[in-house]
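Where a number appears in this text, it was derived from the coordinates with a stated rule and is not lab data. All values derive from a computational prediction rather than experimental measurement. Positions of Cβ are generated from backbone atoms using ideal geometry, with glycine treated the same way; all protein chains shown enter the neighbour counts.
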Protein chains: 2
Amino acid sequence: MGRDLDIRVSIIEDDETIREGYAFLIGKTPGYKVVSTYPSYEDAAKRIMHDDPDVILLDVELPGISGIDAIPKLKKYLPETNILILTVYEQDLLIFRALGNGASGYLTKNTPHEKIISAIHEVMEGVGPMSAHIARMVIQSFQRNESTPLTRRETEILEQISTGKSRKRIAQELFIDLETVKSHIKNIYHKLNVHSKADAIKTAKDNKFI
Amino acid sequence: MGRDLDIRVSIIEDDETIREGYAFLIGKTPGYKVVSTYPSYEDAAKRIMHDDPDVILLDVELPGISGIDAIPKLKKYLPETNILILTVYEQDLLIFRALGNGASGYLTKNTPHEKIISAIHEVMEGVGPMSAHIARMVIQSFQRNESTPLTRRETEILEQISTGKSRKRIAQELFIDLETVKSHIKNIYHKLNVHSKADAIKTAKDNKFI
DNA sequence: TATAAATCACCCTTTATGGGTGAGCCTGAT
DNA sequence: ATCAGGCTCACCCATAAAGGGTGATTTATA
């Protein structure tokens with residue numbers, strides 16, 4: 001018989017070991033019930049509507065349609081379902097995109113068993129779309145590195161460059177000469193040890209100089 | 001006599017009406033004490049260390065050094081103090097920069113009186129660096145507009161462009177011809193009704209197409 | 001009073017950009 | 001089965017932008 005109050009969990013994860021591991025773990029926990037497991041979004045798409053899960057554990061790195069891209073599709077069919085992202089790495093961008101796509105939280109694959117259960121529980125309680133951990137990451141993502149090799153002006157100009165503006169336009173908007181902008185850019189490139197716009201932007205963003 | 005358990009509040013706000021309004025409001029609330037008010041960061045800098053506030057209400061739009069830039073300076077002298085940003089507009093970028101600089105939360109200037117007190121209380125309780133409201137804004141900021149006029153490929157290419165990469169480099173990384181990239185860009189420009197990289201990036205970001 | 005920052009100048013070559021037009025191929029929807 | 005949209009590539013054109021070298025002036029600030 002099905003206990004009506006069980007939290008219904010569905011798992012979409014291509015690695016069988018991990019998938020079955022989670023299923024076993026969650027299934028044996030009182031109050032939780034694994035209603036289905038799938039190795040890909042494509043497999044899940046056909047039948048997951050009928051499983052009526054409360055929570056979906058979704059791997060980000062799925063073959064075929066990625067977990068990230070699967071989120072809005074799943075949400076479309078199951079708007080009330082909470083999606084928890086499974087990820088190996090705590091990569092800012094992936095997690096942010098997942099949240100943007102409608103995920104309610106995330107778990108790294110080395111998360112201890114108890115935490116997994118409590119994460120599912122929290123997300124069901126509507127503790128909010130963001131755990132303190134994610135909130136911390138988000139704030140960190142907005143924080144600048146205070147030990148930048150770039151001067152104020154250089155940072156300012158690199159920020160302008162990162163918006164796609166030409167040097168001429170930057171010069172006009174900052175009320176300085178094009179030659180001055182060029183000088184700053186040369187200095188930026190030297191300091192960051194790069195030889196192009198794209199590399200300068202990437203290096204600066206990686207190091208949170210901008 | 002000073003009640004030891006009062007929450008010590010300092011206010012930095014250039015508009016006298018608002019400043020005194022908040023001061024009155026908070027001062028008359030049992031458990032709260034306004035220890036100082038300043039019209040600018042420059043005025044506050046000299047003496048705020050001695051006020052030993054628990055919470056600082058800080059206007060973002062200060063004359064001289066802006067509230068945003070004042071945050072790290074204040075944090076340096078008063079690392080234990082929580083800073084609440086006062087802002088007229090709920091502008092994403094400003095708030096995110098404020099959080100990145102170390103602010104603990106924010107209040108809009110039309111916030112009802114009770115909410116102000118409770119925000120101060122929450123931030124003292126360490127309810128977390130983010131209110132549910134801010135969390136919602138953050139998530140929204142990661143969300144894409146689903147009604148984009150751009151195709152998948154066009155979006156992908158515009159994203160690449162926004163990193164500063166040249167068309168040639170984009171072509172190489174996507175394993176397509178330079179001419180194809182050019183075609184996509186022409187279509188992007190037509191759809192967004194722009195005539196340059198910078199404008200395309202700005203329009204797309206404003207509309208959350210990328 | 002040194003040093004760093006910001007400013008501007010003139011040299012050079014190569015690469016990138018913006019725009020027009022046309023065309024083939026594939027896929028999903030009607 | 002047809003047709004539109006999406007992705008691909010081609011060739012045309014002119015101008016703008018980028019990258020790099022060297023040096024010089026001025027203005028804060030330590």
Simple Cβ-charge dipole of chain B, Lys/Arg +1 and Asp/Glu -1, about Cα centre, in debye nearest 20: 1100
Segment A:152-206 - convex hull of the alpha-carbon atoms, volume per residue in Å³: 68
DSSP loop trypsin sites (Lys or Arg not before Pro) with at most 12 other Cβ within 10 Å: longest gap in chain A: A:29-210
Distances in nm from A:M124 to the matching label points in the other copies, shortest first (labels 7 Å along Cα to Cβ): 3.7
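With the contact rule set at Cα under 8 Å and sequence spacing of 6 or more, what percent relative contact order holds for chain B?
Relative contact order for chain B comes out at 13 percent.
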Separation in nanometres of the label points that stand 7 Å from Cα toward Cβ, at A:K76 and B:L25: 4.5
Estimated vicinal HN-Hα couplings, Hz - segment A:194-207 in sequence order (Karplus 6.51, -1.76, 1.60; Gly, Pro = x): 10, 9, 7, 3, 4, 5, 5, 4, 5, 4, 5, 6, 4, 9
Largest-first principal axis extents, alpha carbons of segment A:52-210, Å: 63, 30, 27
Two-site FRET efficiency, A:E114 against A:F175, from Cβ-Cβ distance with R₀ of 60 Å, rounded to 0.05: 0.50
Segment B:44-115: chymotrypsin sites (Phe, Trp or Tyr not before Pro) falling in loop per DSSP and having at most 13 other Cβ within 10 Å: B:Y89
Excluding exposed DSSP-loop GluC sites (Glu not before Pro) (at most 15 other C-beta within 10 Å), longest clean stretch of chain A: A:147-210
Dipole of the protein assembly as shown [Lys/Arg +1, Asp/Glu -1 at C-beta], most positive-end residue of B:A198, A:H121, B:N145: B:A198
Length added when fully stretched, A:D199-A:S183, from 0.36 nm per residue minus Cα-Cα: 4.0 nm
Number of Lys pairs (Cα under 14 Å; 8 or more positions apart or on different chains) in segment A:152-206: 7
Nearest-first distances (nm) between copies at B:K208, label 7 Å from Cα via Cβ: 2.5
Percent of Cα pairs exceeding the 41 Å cut-off, where the set is the protein assembly as shown: 30
Label-point gap, in nm, between A:Y89 and A:R153 - each point 7 angstrom along Cα→Cβ: 3.7
Whole-Hz ³J(HN,Hα) from phi, Karplus 6.51 cos²θ - 1.76 cosθ + 1.60, for segment A:23-40, glycine and proline x: 4, 4, 4, 6, x, 7, 7, x, x, 10, 9, 8, 8, 5, 9, 9, x, 7
Cα→Cβ-extended label distance, 7 Å offset, between B:I18 and A:D52, nm: 5.2
Reach of B:K33 by Cα under 30 Å, taken over lysines that are not fewer than 8 positions away in the same chain: B:K46, B:K73, B:K75, B:K76, B:K109, B:K115
Percent of beta bridges antiparallel (DSSP, segment A:1-104, rounded to nearest 5): 0
